Amino acid sequence: MNQSELTELLMKMKDKGLTLAFAESCTAGMLASELVKATGSSDVLLGSLVVYHPEAKKKLLGVKQETLDLYTAESQQVTNEMVMGLKKALNADICVASTGLAGSGGSEHEEKPVGTMFVSILYDGKAEEFREVFKGNSLSIRKQLTDYIYEKLNGIMDNHYDR
């Protein structure tokens, strides 16, 4: 999304009195960094936790070692625990967690290739899970995921909060 589209999204959230928080693994702060380029970010964004390493996921968000062992750090199950820990930590109205494989060296395999990304969005007592596979280099994959998440947030605002 470009700056004006992000500003429009932020204005929708601000008009509804909503706050937003991120738990970022593979995006490594890109979600927050992109958002603050838009007007109104300080009215909506509570914060973003970069939890790149499994130890950070455990210590800051309460992700269980058993979940990491069973499903790997790059999984929907871990992303779900991340978003719940984020809700507990910052209590934003909308919480977003993301993790995945932006490059090789993680838990990639035939059914989970590099580019596989997991997102959990928690809002109004509902949780939505997303799994997508993006192509490109690490930076391109992270940028695609960032745009994808903002599109999902825009859809949530249009479909859930504009009633």
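Read-outs throughout are calculated quantities, based only on the coordinates presented, and are distinct from any laboratory measurement. These numbers come from a predicted model, not from an experiment. A quick note on method: Cβ atoms are made from the backbone with ideal geometry, for glycine too, and the neighbour counts reach across all protein chains shown.
Restricting attention to the range 129-142, does a residue exist that is closer than 19 Å to residue 20 by Cβ, of a type in the set (Val, Ile, Thr) and surrounded by 16 or more Cβ atoms within 10 Å (Cβ to Cβ)?
No: zero hits.
For residues that are of a type in the set (Lys, Arg) and not in a strand (DSSP E or B), scanning just the range 75-118, find the one that is surrounded by the most Cβ atoms within 10 Å (Cβ to Cβ).
Ranking the candidates gives 87 first.
Out of the residues in the range 36-74 that are of a type in the set (A, V, I, L, M, F, W, C) and touching a residue at least 40 places away in the same chain (Cβ under 8 Å), state the one that is surrounded by the most Cβ atoms within 10 Å (Cβ to Cβ).
Among them, the one singled out is 73.
If a residue has to be over 16 Å from residue 92 (Cα atoms), out of contact with any Cys (no Cβ under 9 Å at 6 or more places or on another chain) and of a type in the set (A, V, I, L, M, F, W, C) to count, how many in the range 119-163 make the cut?
Residues that pass the stated criteria total 6.
Among what's in the range 14-25 and is buried (at least 22 other Cβ atoms within 10 Å of the Cβ) and touching a Leu at 6+ places or on another chain (Cβ under 7 Å), pick the residue that is nearest to residue 158 (Cα to Cα).
The qualifying residue nearest to residue 158 (Cα to Cα) is 20.
Exactly one condition in (1) within 13 Å of the chain's Cα centre (by Cα); (2) in a helix (DSSP H, G or I); (3) not charged (D, E, K, R) is not met by residue 11; state its number.
(1)
Do the conditions hold for residue 119, that is, is it under 20 Å from residue 48 (Cβ atoms), in contact with a strand residue (DSSP E or B) (Cβ under 8 Å, 6 or more places away or on another chain) and β-branched (Val, Ile, Thr)?
Criteria met by residue 119.
Does residue 121 fit the bill of being under 17 Å from residue 45 (Cα atoms), under 12 Å from the mean Cα position of the chain (by Cα), assigned to a strand (DSSP E or B) and not small (Gly, Ala, Ser)?
yes
For the range 18-34, give me each residue that is of a type outside the set (S, T, N, Q), outside any strand (DSSP E or B) and in contact (Cβ under 8 Å) with a residue 60 or more places away in the chain. Please lay out each step first, then the result.
Step one: list which residues in the range 18-34 are of a type outside the set (S, T, N, Q), which gives 18, 20-24, 26, 28-32, 34.
Within this subset, residues satisfying the condition of being outside any strand (DSSP E or B) are 18, 26, 28-32, 34.
Result: 18, 26, 28, 30, 31, 34.
Which count do you get for residues in the range 124-142 that are under 23 Å from residue 37 (Cα atoms) and more than 12 Å from the chain's Cα centre (by Cα)? Quick ask: steps written out before the conclusion?
Looking only at the range 124-142, we keep the residues that are under 23 Å from residue 37 (Cα atoms), and these are 138-142.
Checking which are more than 12 Å from the chain's Cα centre (by Cα) leaves us with 138-141.
Going through the range 124-142 one residue at a time, the tally reaches 4.
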